[in-house]
Amino acid sequence: MGTLSPRLAAIVDALPLAPGMRVLEIGGAPGAAAREVARRLGDGHILVIDRSPKGVAQTEQNAAAEIAAGTLSVRQVAAEDLVLLPGEAPFDLAFAVRVGALDGRHPEAGRAALARIAAALTPAAKLFIDGGDPLRELSLPRG
């Protein structure tokens, strides 16, 4: 629950984070990377989405302090079903680690997920996934 694995630390270090950003992590349970991102965002915010009720519960438990501080929130939803809540601001950056819909294992879900993720981001936002060195950027469909 404490420290990040070297792999996750490298991924977080590679993200172009800035204080005040709104960040979306797809498939982020149990919240280790998200907690580190939240620490670096200052008055920003990270939303962790995960399709697994168990994963959401683990993240809520692990990140209770960040949730209480208002820097992190968790939502149970699959990427391909993601929609911004009424009044919710779009995100400045998104990332995913080991998400089948985004790494090519599930191409149809991936197409749906990319469209939903793109719709939840600002026009200039980028999406990063693992599998690069340590990250690679996925191009997003832009309406």
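The values are calculated or read from the model by the stated rules, or taken from the named source; none is laboratory data. This one's a predicted model, so the numbers in the text were calculated from it and none came from an experiment. Counting neighbours? That spans all protein chains shown, and the Cβs are built from the backbone with ideal geometry, glycine included.
Looking at region 57-76, can you tell me whether even one residue there is over 25 Å from Pro134 (Cα atoms), β-branched (Val, Ile, Thr), touching a strand residue (DSSP E or B) at 6+ places or on another chain (Cβ under 9 Å) and in a helix (DSSP H, G or I)?
Within region 57-76 (the criterion being over 25 Å from Pro134 (Cα atoms), β-branched (Val, Ile, Thr), touching a strand residue (DSSP E or B) at 6+ places or on another chain (Cβ under 9 Å) and in a helix (DSSP H, G or I)), the answer is yes, since at least one residue qualifies.
Out of Ala68, Ala78, report the one residue that is surrounded by fewer than 19 Cβ atoms within 10 Å (Cβ to Cβ) and more than 14 Å from the chain's Cα centre (by Cα). Spell out the reasoning first.
Numbers: Ala78 fails: more than 14 Å from the chain's Cα centre (by Cα).
None of the others qualify; the one that does is Ala68.
For a quick check of your reading of the model, give me the residue pairs whose first member lies in region 97-126 and is within 23 Å of Gly31 (Cβ to Cβ), whose second is crowded, with 19+ Cβ neighbours inside 10 Å and at pLDDT below 85, with beta-carbon atoms closer than 6 Å and at least 6 apart or on different chains.
Listed pairs, sorted by first residue: Ala109/Ala101; Ala113/Ala101.
Quickly run through region 10-31 and pick out the residues that are surrounded by fewer than 16 Cβ atoms within 10 Å (Cβ to Cβ), over 14 Å from Leu121 (Cβ atoms) and either touching a Lys or Arg at 6+ places or on another chain (Cβ under 9 Å) or of a type in the set (Val, Ile, Thr) (or both).
Passing the criteria: Ala18, Pro19.
Quick check on region 22-30. Is at least one of its residues part of a strand (DSSP E or B), under 28 Å from Pro141 (Cβ atoms), touching a His at 6+ places or on another chain (Cβ under 6 Å) and modelled with pLDDT of 95 or more?
yes
Check off (1) modelled with pLDDT under 95; (2) surrounded by 15 or more Cβ atoms within 10 Å (Cβ to Cβ); (3) within 22 Å of Glu36 (Cα to Cα); (4) not small (Gly, Ala, Ser) for Leu121 and give me the number that stays unchecked.
Exception for Leu121: condition (1).
Could you list all residues from region 83-111 that are of a type in the set (A, V, I, L, M) and either crowded, with 21+ Cβ neighbours inside 10 Å or modelled with pLDDT under 90 (or both)?
If the condition is that a residue be of a type in the set (A, V, I, L, M) and either crowded, with 21+ Cβ neighbours inside 10 Å or modelled with pLDDT under 90 (or both), then Leu93, Ala94, Ala96, Val97, Val99, Ala101, Leu102, Ala109 are the ones that fit.
Take the conditions within 17 Å of Ile117 (Cβ to Cβ), of a type outside the set (Phe, Trp, Tyr) and at pLDDT 95 or above and apply them to Arg75. Does it pass?
Values: within 17 Å of Ile117 (Cβ to Cβ): yes; of a type outside the set (Phe, Trp, Tyr): yes; at pLDDT 95 or above: yes.
So Arg75 fits the description; yes.
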